[in-house]
1. I'm trying to understand the selection: among the residues of the stretch 27-72, which are open to solvent by less than 40 Å² (accessible area, probe 1.4 Å) and assigned to a loop (DSSP other than H, G, I, E, B)?
2. Residues of the stretch 143-181 being small (Gly, Ala, Ser) and touching a residue at least 60 places away in the same chain (Cβ under 8 Å), which ones?
3. What is the number of the single condition among (1) buried (at least 20 other Cβ atoms within 10 Å of the Cβ); (2) in contact with a helix residue (DSSP H, G or I) (Cβ under 6 Å, 6 or more places away or on another chain) that Pro75 does not meet?
4. Looking at (1) in contact with an Asp or Glu (Cβ under 7 Å, 6 or more places away or on another chain); (2) open to solvent by 50 Å² or more (accessible area, probe 1.4 Å), which is the one condition that is false for Ala127?
5. Quick check on the stretch 149-159. Is at least one of its residues open to solvent by 60 Å² or more (accessible area, probe 1.4 Å), part of a helix (DSSP H, G or I), at pLDDT 95 or above and not polar (S, T, N, Q)?
6. Those residues that are farther than 17 Å from His141 by Cβ, open to solvent by 20 Å² or more (accessible area, probe 1.4 Å) and either in contact (Cβ under 8 Å) with a residue 24 or more places away in the chain or not hydroxyl-bearing (Ser, Thr, Tyr) (or both), I need them from the stretch 182-205; list them, please.
7. For the subset of the stretch 1-23 comprising residues that are open to solvent by less than 60 Å² (accessible area, probe 1.4 Å) and farther than 22 Å from Pro175 by Cβ, which member is farthest from the chain's Cα centre (by Cα)?
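The values are calculated or read from the model by the stated rules, or taken from the named source; none is laboratory data. Since we're looking at a predicted model, the values are computed, not measured. Cβ sites come from the backbone with ideal geometry, for glycine too, and all protein chains shown count toward neighbours. With ligands, DNA and RNA removed, areas are computed over all heavy atoms of the protein, side chains included. Shrake-Rupley method; radii C 1.70, N 1.55, O 1.52, S 1.80 Å.
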Amino acid sequence: MSTTLLLTRHGETVWHAENRYAGVSDIALTDTGRAQADALGRCAATLAVDAIWTSPLSRAIATADPACHALSLTPHREPALIECDFGVMEGRTLAEFAAEDPKRAEAFRTDPVANPFPRAEDPAAAAVRGTGALRRIAAAHPGERVLVVAHNTLLRLVLCDLLSIPLSEYRRVFPKLRNTAITELRMNSDGSAGLLSLNVPCGNP
């Protein structure tokens, strides 16, 4: 029996305006981010959601809260859904890194998995933990529809992993998951997955 996962990235944070890497840093939502969360809550109420799972970071929890209230559901926390640790890039922009170390920045742009940022989490390991989390969630909710609130880079890596796309292509194939847009996956009992929709706006401000 398959499970439908409705994957979404958390709302806008205070680091979005300057495109800073948030990673494992616990960064708050902006007013726009909170409005996006409210819109997601209204949307989730129409999607027959049976359960809600989130990353443990506050920006994901806050994004899920309106949906939890709208559906009278208690959210589940999954530590393995936390964003990738970007090492020295936490709180910085890629442009800042390129000005400091242009060769390493270009290597990252060419293959971000083979050439991650200094002291960053191994992207391949992040894909494994994220994929494992989604498979556990699906196994816990056979035949149900589950809203999963997580993070941009982790979800792009996991989508590549589940859809047999080389991990090194995650930035090219999935340039960005929009804040609180819905990506719908069908997770099968054998652990395989099918993509039903990608980056569908959910009444975002």
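1. Ile27, Thr30, Val49, Ser55, Leu57
2. Selection gives Gly143, Ala150, Ala181.
3. Every condition holds for Pro75 apart from (1).
4. (2)
5. There is no residue in the stretch 149-159 that is open to solvent by 60 Å² or more (accessible area, probe 1.4 Å), part of a helix (DSSP H, G or I), at pLDDT 95 or above and not polar (S, T, N, Q).
6. Leu195, Leu198, Asn199, Val200, Pro201, Gly203, Asn204, Pro205
7. For the stretch 1-23, the residue satisfying everything is Ser2.
For every residue, the table says whether it meets (1) of a type in the set (Lys, Arg); (2) within 23 Å of Val113 (Cα to Cα); (3) modelled with pLDDT of 95 or more.
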{"site": "Ser164", "(1), (2), (3)": "no, yes, yes"}
{"site": "Val173", "(1), (2), (3)": "no, yes, yes"}
{"site": "Met187", "(1), (2), (3)": "no, no, yes"}
{"site": "Ala193", "(1), (2), (3)": "no, yes, yes"}
{"site": "Asn204", "(1), (2), (3)": "no, no, no"}
